[in-house]
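The values are calculated or read from the model by the stated rules, or taken from the named source; none is laboratory data. For clarity, every value in this text was computed on a predicted model and none was experimentally measured. Positions of Cβ are backbone-derived with ideal geometry, glycine not excepted, and every protein chain shown enters the neighbour counts.
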Ligand SMILES: [Zn+2]
């Protein structure tokens, strides 16, 4: 009984949103649960380094060093604690694991949902749920220092049907608050037709309708249907529930799930959407002349949204969006989804601005999610406090087959500028270290703080204990330092199904692995251009005249523009230009434009695999379109030349230089209130890094007080000898197994 309870808990927490969508089988859950809570300590074993260049044709010799590691961070081998066994972090983790041995961790799913869905549950699930709500269970959590729990609140079955469960959640939330814990309430985003439609007359009219006037379901769960994002009555219904959550259950956070639309041919074409689309077009093209120039039609009323004929032109055959109506349609869908979510977010904040708003909109991956799922992150800016990415296939690793360094680093970078925190499973060390280095902890009172949040609240590892110790002191109130911005502009990324995403991903990969501090910018953030020494447009084929002018102004003022391949060959409607306003490469004003003809992929692209590897929400999206697999994120063949060009484009050089290998990543932040510069290094290789030299450009005036190295493998930080010259601080980073944090303090 206890064993099962523990299993349940571990699994639910491990893939907290993923579970409901999934995907994941009972066997997988059981396997996950059998792992000790210390899972994530990387295994001691390592396959002998093979000649991967031979194993993987197309992998250049320069990648050998990358490919030689097995990477397999997924390997769990508690025996490897080795050096860490005696640390205070290990002792603390052991103690808390012991204290929480019998705890049933709270779940975002109600029992009736598990029953209706079937699968992924044990035969004594009801007893497990009883134990979950036992006050003694919650007290044990609090005693071990757990500060936050995610509780199920509204799944979509209907408020009346769920009321008794909500009452139970209310009692648990009250007790958790008394015990000093924060409470996150989960709200799913689909309608369960068997109960809701009986309970709420007219709810069936909230449904999305595809081109055949057919409902749109949650994958195979056809009893769960998506509501139209343009249906106000559905939002009003959700507001009733939100008010209850905030005012009666005193939620610290509201966690919205299922915030995505379905790919073509399943996009909603209900009368509401068609009307809203026409109004959207009218706003963008207010005159007859504008409509005629854009669409070749007399007025927006005449516009018909393209439909799909699976026998002639299935959506999976689309590689580029040249059709002006489809170009507008993809934007309209993104705005519809974001507007729906943002109205709810504004409502929550109007009830209590301290409540954190969590949205499961996932991160940035190497395929067009604007087109696939209508998720365009900048539209959520300042309305989302936490983004979760419960995606399959993106686990941090050196891919054991290709050597690709896979991480969610680009998602973290997108989130920081929104600004938003990220929610991530912290059960394995490499993901945790990435989270520590790259997550932005949003300063909203309802947010529990990264080392106490959903992905972390049940994880007691030496690394998490280290994180908890230092969180408030070193991981909060930081500002990223970036020399370079990658500009991902709307038309280039939105109108290309895959072609633009590959070079963009590979360029980001070069910046990540060469440890160039960078940000990812979208059109909405062009006003930040001046903050960067260089701006990169990697195959951004569609650049409007206005954007080209802004970029040229940036160059004239002293910036470096680094362009690749076909950048700016088209305008923002993807019409070919006779002459490119940004090329040829040249000096202009105080700055310069540089050009790299081609980012040469090192791997031949392979067809999409069957199964869920690329699935943004396993089980929920049947059609995914083309996607670059994370295992294909192998550095491009000309990665050295690209790196050299980037460095050449930085008049003062990069803010950080290091001799750490390409299997190490770095994040650079300032902490103004303590006058500290913090450099995080994460070693993705299984082998420890020998000591390496690093140089950091001074970020604050005044002499250096100290440079300290913090490692989860030793009890206390060690002082590092440093030298200062020419505005640079140089030092040697001690040997690093997984993670080192260097803190440069100024007088
Ligand atoms: Zn609709």
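One table, with the values for the structure above:
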{"item": "Filter pass, residue 338 being at negative phi and either within 16 Å of the ligand (Cβ to nearest atom) or modelled with pLDDT of 95 or more (or both)", "result": "yes"}
{"item": "Every residue from the stretch 280-289 that is away from the ligand (no atom under 13 Å from the Cβ) and assigned to a helix (DSSP H, G or I)", "result": "281, 282, 283, 284, 288, 289"}
{"item": "Number of the exception - residue 255 against (1) touching a helix residue (DSSP H, G or I) at 6+ places or on another chain (Cβ under 8 Å); (2) more than 16 Å from the ligand (Cβ to nearest atom)", "result": "(1)"}
{"item": "Those residues of the stretch 219-236 which are more than 11 Å from the ligand (Cβ to nearest atom), buried (at least 19 other Cβ atoms within 10 Å of the Cβ) and without any contact (Cβ under 8 Å) to a residue 60 or more places away in the chain, in sequence order", "result": "225"}
{"item": "Single residue of the stretch 196-213 satisfying the filter (in contact (Cβ under 8 Å) with a residue 12 or more places away in the chain and away from the ligand (no atom under 16 Å from the Cβ)) that is nearest to residue 152 (Cα to Cα)", "result": "196"}
{"item": "Any chance residue 277 is within 11 Å of the ligand (Cβ to nearest atom) and either modelled with pLDDT under 95 or touching a helix residue (DSSP H, G or I) at 6+ places or on another chain (Cβ under 6 Å) (or both)", "result": "yes"}
{"item": "Among (1) closer than 30 Å to residue 187 by Cα; (2) touching a residue at least 12 places away in the same chain (Cβ under 8 Å); (3) within 16 Å of the ligand (Cβ to nearest atom) - the single one residue 354 does not satisfy", "result": "(3)"}
{"item": "Residue match in the stretch 415-422 (condition: part of a loop (DSSP other than H, G, I, E, B), crowded, with 24+ Cβ neighbours inside 10 Å and not assigned by TED's automatic domain parsing to the domain that holds residue 519)", "result": "yes"}
{"item": "Residue check for residue 497: surrounded by fewer than 22 Cβ atoms within 10 Å (Cβ to Cβ), touching a helix residue (DSSP H, G or I) at 6+ places or on another chain (Cβ under 8 Å) and at pLDDT 95 or above", "result": "no"}
{"item": "Qualifying residue in the stretch 242-252 (condition: within 16 Å of the ligand (Cβ to nearest atom) and either without any contact (Cβ under 8 Å) to a residue 60 or more places away in the chain or in contact with a strand residue (DSSP E or B) (Cβ under 7 Å, 6 or more places away or on another chain) (or both))", "result": "no"}
{"item": "Boolean, residue 307 is assigned to a helix (DSSP H, G or I) and within 16 Å of the ligand (Cβ to nearest atom)", "result": "no"}
{"item": "Flag for residue 216 being within 11 Å of the ligand (Cβ to nearest atom) and either within 26 Å of the chain's Cα centre (by Cα) or surrounded by 18 or more Cβ atoms within 10 Å (Cβ to Cβ) (or both)", "result": "yes"}
{"item": "Elements of type helices (runs of 4 or more DSSP H) in the stretch 474-577, at least 1 residues being over 24 Å from residue 698 (Cβ atoms) and over 20 Å from the mean Cα position of the chain (by Cα)", "result": "490-494, 545-556"}
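Condition check ((1) over 17 Å from residue 515 (Cα atoms); (2) without any contact (Cβ under 8 Å) to a residue 60 or more places away in the chain; (3) surrounded by 19 or more Cβ atoms within 10 Å (Cβ to Cβ)) across all residues:
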{"residue": "678", "(1), (2), (3)": "no, no, yes"}
{"residue": "682", "(1), (2), (3)": "no, no, yes"}
{"residue": "688", "(1), (2), (3)": "yes, yes, no"}
{"residue": "693", "(1), (2), (3)": "no, yes, no"}
{"residue": "705", "(1), (2), (3)": "yes, yes, no"}
{"residue": "709", "(1), (2), (3)": "yes, yes, yes"}
{"residue": "723", "(1), (2), (3)": "yes, yes, no"}
{"residue": "727", "(1), (2), (3)": "yes, yes, no"}
{"residue": "731", "(1), (2), (3)": "no, yes, yes"}
